[in-house]
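Chemist: Next up is a structure, given as structure tokens.
The values are calculated or read from the model by the stated rules, or taken from the named source; none is laboratory data. Not measured: the values here are computed from a predicted model. Cβ: placed from backbone, ideal geometry, glycine included. Neighbour counts: every protein chain shown. Just the protein is used for accessible areas: all its heavy atoms, side chains included, with ligands, DNA and RNA removed. Shrake-Rupley method; radii C 1.70, N 1.55, O 1.52, S 1.80 Å.
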Amino acid sequence: MAKRPCSSSSSQNPRLPPHFSQMDHLLHSFLSFPDSSPPISLDLSFDRLLDSSPSDADQSILIDRAHRLGCLLLRAANRSARKRASIHNSVAWVLPPDLTIKVFSMLDSQSLCYAAATCSMFNKCAMDPLCYANIDLTTIVPKVNNAVVSTMIQRAGKSLQSLKLGIVPGPTGSPGSCQPLVYTIRNSGDVSSFSWNEKRTRQGKESSILTRSCLYPLSGDNGATGILLRRLHLYNIERMDNASLCVALAACPSLLDLEIVGLHVELRQTLMSVSSHCRFIERLFFESSKTGRDDSLKSPTCFELVNNCPNLSSLSLRGFKLHDNKVRILVKGFRKLKYADFSTSYSITGTFLRNLGNGGCGSLLEVLILRDCMHLKEMEVARFLTAVIAGDFKFLKHLDISNREGLASEGDWYQRSYNSSLIPLQQVLEVRPDICLLAEFPSEGCFLDIDHMIDSDINSELSLPFQQSGQTSDGALVTSSLESSYNSDQGSGNEEYQDSGFVIYEESSDEVDFLIV
């Protein structure tokens, strides 16, 4: 009797669905080999298969196909593992997607990237634009390039509200401190494996350096990306220039908080752009990259800023060459100004403080910082503190007149005062105990070469012993003639820079490309 024919594969594997293809059955048979079978059997089978090939070329083709099929099988296994893990996480994760997105939106940018790389479910939630509403890509050393910034901004889209970029050398100091935030790769401590020549030549994705085009995505989508941006902080982006910054500010009409540190941009052009495009701004912090050398600010620019930005309540211009008459325009012009910081500014003598608190806008000041203003005179400080004792500046809570070179004398600023009896510090603390008064000066015998300090870079570290100058005399420290002089408006600015009417000055532009790419 003839033998019955062999049953089909499906009948041999009754557990497999009937719609399985021949490939499915073959893969099932291959994966059904027990793990206990010796690996050498597979090697011998493959060797026999190679030996059965008629030529060397056919054997090479067979080996290549084995490699490709092995890679495809490994890729399929990894994909299926990720899919199963994602399904498991979606079941095990207790929060729904909308709450997960809310949690992710509270993470910093680096933590968000870590979460997105965890699993497919987290990655999908992390792609929501709300997660990128507040982008913080600040680092201690250069790590971020233009491509990263562009990707983040594109993911945020119209949800972008805050953007922070650049290199921050350390944590921001307290409100009373004047810790410089300007940083250069030449002065950094972490340069052992970083070549400045390589920094100048590397481009695009191969570089970790932000360039002048890093803010171009804000102007994308016909300006829709930056239209709702509220906060923009830029730190030590050395390749940023005036034109690029002005284009970025023009794309951010809703900006409320602008912080610029260490950029090679001109003060005058930046303030002109702010007054033209960012009229809702409430906080402006600008620290110069070239301390004491930027004297580009003109009085018309100050008037324009005051008139176009009436909501400004916090103003910090640190390290610029500012004259008293221009500072006075700014302080008296902004009706909501509560915070003013002109630390390390050159040419400020303090005459802008005269008659500032008699019911004007300057009387609303809560914080005034004049730390390390080289030309600040002890007589002007004494007049100001006398006005505080007399009842002016009732809202003042924080005053910093510390100076690592001492205060300038009335006649010659080369003559420095380190513990002047003219300054009524003790009386201020007795009359106004609510004021935090910082008055730190070097010791009496500390000698400082002023000429050398002017010529050298002010950002270099100076080691000076500081002490609280609280030792003042209890007698009458300021004469009545001094008080009457303070209450007058004469000499409210540097006389050689007084405005007569509204003079348009001959102004120089700063279009120098500081870093040729």
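Chemist: Taking 0.36 nm per intervening residue step and subtracting the Cα-Cα distance, what contour gain separates Lys397 from Ala250 on full extension? It would help to have the intermediate numbers written out before the result.
Modeler: On the way: separation 147, 0.36 × 147 = 52.92 nm, distance 3.53 nm.
Contour length minus the Cα-Cα distance gives 49.4 nm.
Chemist: Which value, in Å², gives the accessible area per residue of the stretch 208-266 when a 1.4 Å probe is used on the protein heavy atoms? Write down the numbers at each step before the final one.
Modeler: Details: 1670 Å² over 59 residues.
Here the per-residue accessible area is 28 Å².
Chemist: Carbon and sulfur: what percent of the stretch 212-252's accessible surface (1.4 Å probe)?
Modeler: It is 54 percent, rounded to a whole number.
Chemist: Which of the chymotrypsin sites (Phe, Trp or Tyr not before Pro) found in the stretch 345-418 are loop residues per DSSP with 10 or fewer other Cβ atoms within 10 Å of their Cβ?
Modeler: Numbers: sites: Tyr346, Phe352, Phe384, Phe393, Phe395, Trp413, Tyr414, Tyr418; in loops: Phe393, Phe395, Trp413, Tyr414, Tyr418.
Those satisfying the criteria are Tyr414.
Chemist: Carbon-plus-sulfur fraction of the accessible area of the stretch 282-449, 1.4 Å probe, in percent? Can you show the working numbers first?
Modeler: Details: 2740 of 5540 Å².
Percent of accessible area from carbon and sulfur atoms in the stretch 282-449: 49.
Chemist: Now, a different point. Before I look further, what does the stretch 282-449 give for accessible area per residue, probe 1.4 Å, in whole square angstrom?
Modeler: Working: 5540 Å² over 168 residues.
Result: 33 Å² of accessible area for each residue.
Chemist: Follow-up question, since we're still on this one. Applying a 10 Å radius around every beta-carbon, put 398-411, 273-286, 42-55 in order of their mean neighbour count, most first.
Modeler: On the way: 398-411: 21.1, 273-286: 19.4, 42-55: 10.6.
Top to bottom by mean Cβ count within 10 Å: 398-411, 273-286, 42-55.
Chemist: Just grab the label-to-label distance for Ala77 and Lys336, each label 7 Å out from Cα along the Cβ direction, in nm (one decimal).
Modeler: 6.4 nm
Chemist: Can I ask one more? Please give the peptides 371-379, 130-138 ranked by average Cβ packing (other Cβ atoms within 10 Å per residue), highest first, as a rough proxy for protection.
Modeler: Values: 371-379: 22.2, 130-138: 20.4.
The most tightly packed comes first, giving 371-379, 130-138.
Chemist: Run the paramagnetic zone check for Leu26: 7 angstrom along Cα to Cβ, then residues of the stretch 41-69 with backbone nitrogen under 20 Å.
Modeler: 42-54, 58-69
Chemist: Do any of Lys332/Lys377; Lys164/Lys332; Lys377/Lys397 go past 26 Å between their Cα atoms, and which? Intermediate results must be reported in sequence, preceding the final value.
Modeler: Working: Lys332/Lys377 20 Å; Lys164/Lys332 31 Å; Lys377/Lys397 22 Å.
Checking Cα-Cα distances, Lys164/Lys332 exceed 26 Å.
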